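Structure first, commentary second.
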Amino acid sequence: GGFSLPAIEEGFDAWLKGQLEASPADPKDTDEFRYMSFSEAPPFTGKHKSLMREVLTPELFDKLKGVRSSKGYTLSNGMQAGVVRPHLGVGFTAGDEECFELFK
């Protein structure tokens, strides 16, 4: 078991591994799941199918990277599913109702 990153594309995989290694521990981390804190907008690949790939520019990332909902949900939390699992077509996930306003 244990948490591992999927293989997507070589250059992207190296970027993603670096982001994971630089991410601070999160109290919600488990053996099967690690929360990541992204330091920059992802270098999306052709395998990323979500709308997030089209709208999450470096400028938008920089604008929202410090935003946190009152329950502690961050931009990185919302991005993680769409970044790590591009084949699912899931983009940004809202952690709570407040996220729909904070991250629009």
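Remark: the stretch 14-27, residue by residue, has Karplus-estimated 3J(HN,Hα) of 5, 4, 5, 4, x, 5, 5, 5, 8, 6, x, 4, 10, x Hz, where x stands for each Gly or Pro and the curve is 6.51 cos²θ - 1.76 cosθ + 1.60 at θ = phi - 60°.
With contacts taken as Cα pairs under 8 Å at a separation of at least 6 residues, the chain carries a relative contact order of 24 percent.
For the stretch 87-104, putting each phi into the Karplus relation 6.51 cos²θ - 1.76 cosθ + 1.60 with θ = phi - 60° gives couplings of 5, 6, x, 7, x, 8, 10, 8, x, 7, 4, 4, 4, 5, 8, 5, 10, 8 Hz, in residue order, rounded to whole numbers and with x for Gly and Pro. Dipole orientation for the stretch 38-104: of the candidates H87, F38, L60, H87 has the Cα lying most toward the positive pole (charges on Cβ; Lys, Arg +1; Asp, Glu -1). Solvent-accessible area of R53, all protein chains in place: 100 Å² (probe radius 1.4 Å, heavy atoms, ligands and nucleic acids excluded). Residues whose amide H falls under 5 Å from that of E98, counting only those 5 or more places apart or on a different chain, are absent, with hydrogens built in the peptide plane. Tell me, which longest segment in the chain has none of the chymotrypsin sites (Phe, Trp or Tyr not before Pro) that fall in DSSP loops with at most 14 further Cβ atoms within 10 Å? Answer from the scan: 34-104. Ignoring everything except DSSP H segments at least 4 long, calculate the 222 nm mean residue ellipticity for the chain; use -39,500 (n - 2.57) per segment, divide by total residues, nearest 500. Roughly -9500 deg cm²/dmol at 222 nm, from the helical runs in the chain.
Among all stretches of the chain without exposed GluC sites (Glu not before Pro) (DSSP loop, at most 12 other Cβ atoms within 10 Å), which one is longest? Result for the longest clean stretch: 41-96.
Residue by residue, the stretch 70-76 carries 3J(HN,Hα) couplings of 5, 8, x, 6, 10, 4, 4 Hz when phi is fed to the Karplus relation 6.51 cos²θ - 1.76 cosθ + 1.60 (θ = phi - 60°); x denotes Gly or Pro. How about the stretch 1-47: which trypsin sites (Lys or Arg not before Pro) there lie in a loop by DSSP and see at most 15 other Cβ atoms within 10 Å? Here the trypsin sites (Lys or Arg not before Pro) that fit, given the DSSP loop and packing criteria, are K28, K47. If you plug the beta carbon distance of A94 and S39 into 1/(1 + (r/R0)^6) with R0 = 22 Å, you get a FRET efficiency near 0.50. So what does log10 I(q)/I(0) come out to for the chain at q = 0.10, 0.11, 0.13, 0.19 Å⁻¹, using the Debye formula with one equal point on every Cα and no solvent? At q = 0.10, 0.11, 0.13, 0.19 Å⁻¹ the computed log10 ratios are -0.26, -0.31, -0.44, -1.00.
The values are calculated or read from the model by the stated rules, or taken from the named source; none is laboratory data. Since the structure is predicted, the reported quantities are computational estimates derived from the model, not experimental observations. As a convention, Cβ positions derive from the backbone with ideal geometry for all residues, glycine included, and neighbour counts pool all protein chains shown. Side chains included, ligands, DNA and RNA excluded: accessible areas come from the protein's heavy atoms. Shrake-Rupley method; radii C 1.70, N 1.55, O 1.52, S 1.80 Å.
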